[in-house]
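First the structure, then my questions, so here it is.
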Amino acid sequence: MNYYGESVAKLIEHLSRLPGIGGKSAQRLAFHIINMPKEEAEALAESITKAKNEVKYCSVCCNLTDSDPCAVCSSAKRRRDTIMVVENPRDMAAYEKTKGYDGLYHILHGAIAMTKGIGPEDIKIRELVNRLDESVKEVIIATNPTVEGDVTAVYISKLLKPLGIKVTRIANGVPVGSDLEYIDEVTLSRALEGRSEM
Ligand code: ZN
């Protein structure tokens, strides 16, 4: 039954497909958007289109970026002998907030999860291996402390060790099963400082 007219029903339908948004929340958001000032609603729609059109993967670290290479990869202030491997851009943002890390990153865009059919070739591991050269002295694996994150860490470690690169894993200060992006900055910094060789 379509109570609100087709255009509103369509908006609700699209919103309800977003992660974490159920039918009720989608309705609430849709009515909120409809009641917004026209300019604000248009700015929202435009920012979605613009982000979608202009964002791309950094050809070096696979971060999402408007310009390639991204701001971190092209910064002269970052040391280039250390690469921190994270699962997604939100984890990278979490580490950037600590201001305690001045190396480069590599964003995998996921973790190996065989039960979900996600293998090593489905995330950006090949891109990581391809960017390694003699200037890279250490790869810090900061995947999430979950089963998938650990499996991914071990896989990458086995892949890189024969290349003679030091591979470390962030310490256990990070609670098991948690997402890095929800962890406070002090804990993240400690986990980084306490990293150990794999
Ligand atoms: Zn980059």
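Output yes when any residue across segment 37-53 is hydrophobic (A, V, I, L, M, F, W, C) and in contact (Cβ under 8 Å) with a residue 24 or more places away in the chain, and no when none is. Lay out the reasoning, then the answer.
The initial filter retains those residues of segment 37-53 that are hydrophobic (A, V, I, L, M, F, W, C), namely 41, 43-45, 48, 51.
If we keep only those that are in contact (Cβ under 8 Å) with a residue 24 or more places away in the chain too, we end up with none.
There is no residue in segment 37-53 that is hydrophobic (A, V, I, L, M, F, W, C) and in contact (Cβ under 8 Å) with a residue 24 or more places away in the chain.
Something else: Kindly provide the set of residues from segment 51-64 that are part of a loop (DSSP other than H, G, I, E, B), within 28 Å of Thr168 (Cβ to Cβ) and either more than 10 Å from the ligand (Cβ to nearest atom) or out of contact with any Lys or Arg (no Cβ under 7 Å at 6 or more places or on another chain) (or both), ordered by number.
Cys58, Ser59, Cys61, Asn63, listed by residue number.
Please tell me if Lys124 is in contact (Cβ under 8 Å) with a residue 24 or more places away in the chain, charged (D, E, K, R) and within 19 Å of Leu188 (Cα to Cα).
Details: in contact (Cβ under 8 Å) with a residue 24 or more places away in the chain: yes; charged (D, E, K, R): yes; within 19 Å of Leu188 (Cα to Cα): no.
Against the criterion (in contact (Cβ under 8 Å) with a residue 24 or more places away in the chain, charged (D, E, K, R) and within 19 Å of Leu188 (Cα to Cα)), Lys124 does not qualify.
If you don't mind, there's one more thing I want to ask. For Ile48, all conditions in the list (1) assigned to a loop (DSSP other than H, G, I, E, B); (2) hydrophobic (A, V, I, L, M, F, W, C); (3) loosely packed, with under 11 Cβ neighbours inside 10 Å hold save one; what is the number of the exception?
(1)
In segment 142-162, is there at least one residue being touching a residue at least 60 places away in the same chain (Cβ under 8 Å) and among the hydroxyl-bearing types (Ser, Thr, Tyr)?
For segment 142-162, residues touching a residue at least 60 places away in the same chain (Cβ under 8 Å) and among the hydroxyl-bearing types (Ser, Thr, Tyr): present.
Next question, about the same structure. Filter segment 92-126 for residues that are out of contact with any Leu (no Cβ under 9 Å at 6 or more places or on another chain) and charged (D, E, K, R) and give the result.
Passing the criteria: Glu96, Lys99, Asp102, Lys116, Glu121, Asp122, Arg126.
Is it the case, given these coordinates, that Glu138 is surrounded by fewer than 19 Cβ atoms within 10 Å (Cβ to Cβ) and either away from the ligand (no atom under 12 Å from the Cβ) or under 30 Å from Thr49 (Cα atoms) (or both)?
Yes; evaluated as a whole, the condition is true for this residue.
Pairs, please: C-beta under 9 Å, at least 6 apart or cross-chain, first residue closer than 22 Å to Ile165 by Cα and in segment 61-86, second of a type in the set (Gly, Ala, Ser) and near the ligand (Cβ under 9 Å from one of its atoms)?
Final answer for the pair search is Cys73/Ser59.
In segment 65-92, what residues are away from the ligand (no atom under 13 Å from the Cβ), more than 20 Å from Val147 (Cα to Cα) and surrounded by 14 or more Cβ atoms within 10 Å (Cβ to Cβ)?
Across segment 65-92, the qualifying residue is only Thr82.
Out of segment 20-57, which residues are within 27 Å of Asp68 (Cβ to Cβ) and within 23 Å of the chain's Cα centre (by Cα)?
Leu44, Ser47, Ile48, Thr49, Lys50, Ala51, Lys52, Asn53, Glu54, Val55, Lys56, Tyr57
Tally time: how many residues in segment 111-161 are in a helix (DSSP H, G or I) and of a type outside the set (Phe, Trp, Tyr)?
Here is the first cut: in segment 111-161, the ones in a helix (DSSP H, G or I) are 114-116, 120-122, 125-131, 147-161.
Adding the requirement that they be of a type outside the set (Phe, Trp, Tyr) leaves 114-116, 120-122, 125-131, 147-154, 156-161.
Within segment 111-161, residues that are in a helix (DSSP H, G or I) and of a type outside the set (Phe, Trp, Tyr) number 27.
Can you tell me which residue within segment 96-110, out of those that are hydroxyl-bearing (Ser, Thr, Tyr) and not in a helix (DSSP H, G or I), is modelled with the highest pLDDT?
Among them, the one singled out is Tyr105.
This table checks each residue for (1) assigned to a helix (DSSP H, G or I); (2) touching a Leu at 6+ places or on another chain (Cβ under 7 Å); (3) modelled with pLDDT of 95 or more.
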site: Val8; (1), (2), (3): yes, no, no
site: Leu18; (1), (2), (3): no, no, no
site: Ile21; (1), (2), (3): no, yes, no
site: Lys24; (1), (2), (3): yes, no, no
site: His32; (1), (2), (3): yes, no, yes
site: Glu40; (1), (2), (3): yes, no, yes
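Out of the residues in segment 75-95 meeting the condition of being part of a loop (DSSP other than H, G, I, E, B) and in contact with a Ser or Thr (Cβ under 8 Å, 6 or more places away or on another chain), tell me which one is nearest to Val154 (Cα to Cα). So that I can check it myself, show each step before the final result.
Quick first cut of segment 75-95, residues part of a loop (DSSP other than H, G, I, E, B) only: 75-81, 87-88.
If we keep only those that are in contact with a Ser or Thr (Cβ under 8 Å, 6 or more places away or on another chain) too, we end up with 80-81, 87.
Working: Arg80: 23, Asp81: 21, Glu87: 14 Å.
It comes out as Glu87.
The values are calculated or read from the model by the stated rules, or taken from the named source; none is laboratory data. Values in this document were obtained by computation on a predicted structure and should not be read as measured data. Neighbour counts are summed over all protein chains in view; Cβ atoms, including those assigned to glycine, are modelled from backbone coordinates with ideal geometry.
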